[in-house]
Amino acid sequence: GFFVSSDESVATVDSNGTVLPVNKGSCVITFYSYDGGYTAQTSVSVTTNKKVLEAAINTAESLVEEFYTEDTYAVVMESLVTAKQIFENEDSTQDEINAAAQSLNDALGKLEKNPYANVYLSAGEGGKVVYDNVEYTGDNNQVRVLIENGLSVSAVADDGYHFVKWVDNNGNTLSTNA
């Protein structure tokens with residue numbers, strides 16, 4: 001016998017009856033016996049898989065701009081716009097979804113860490129924050145620092161024993177000290 005797809009733009013079928021999805025949609029696969037005495041049909045529904053694209057979008061959206069070079073971050077954000085449009089479009093084909101995921105993952109893979117970071121140092125009344133042998137008092141002293149093998153900052157609690165919260169590059173609280 002032989003197999004036939006009612007719509008090869010949705011799914012094809014080989015001589016062994018193996019169905020290969022092509023694009024989102026529905027079709028009917030029919031088997032015809034060579035003698036014409038027997039036929040069998042089954043409906044096939046092909047959907048798109050957006051899981052890889054969704055994961056790449058989530059990764060890109062969680063980035064902190066200041067941690068990456070301006071050029072490489074801009075490429076990711078440009079690719080993210082296209083990826084989100086394709087993700088949200090119900091009519092996107094699997095090829096478009098795969099291409100958008102590949103493009104965004106390629107951009108993410110080429111991200112370069114920014115060797116500098118802007119650090120905000122704050123100290124309440126009577127307290128101080130020391131970085132690179134310079135004392136900072138008051139709120140939101142912005143310091144541009146070169147990130148090498150970590151960043152060493154010491155803090156002295158203010159008169160009211162306010163806490164200093166240490167946060168990593170992903171916004172996770174590492175510890176809180178008085």
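Bear in mind that the values in this text are calculations on the coordinates, not laboratory data. The structure presented is a predicted model; accordingly, all values stated were derived computationally and were not measured. Here the Cβ is made from the backbone with ideal geometry for all residues, glycine too, and neighbour counts use every protein chain on show.
The modelled label-to-label distance between Ser62 and Asp35, using points 7 Å beyond Cα along the C-beta direction, is 6.2 nm.
Can you give the Rg/Rh ratio of the range 1-124, where Rg is from the C-alpha atoms and Rh is the Kirkwood radius? Rg/Rh: 1.30. Length gained on full extension, Thr93 to Ala74: 4.2 nm, using 0.36 nm per residue less the C-alpha separation.
Charge dipole of the range 71-119 (Cα centre as origin; +1 on each Lys and Arg Cβ, -1 on each Asp and Glu Cβ, all else neutral): 340 debye, rounded to the nearest 20.
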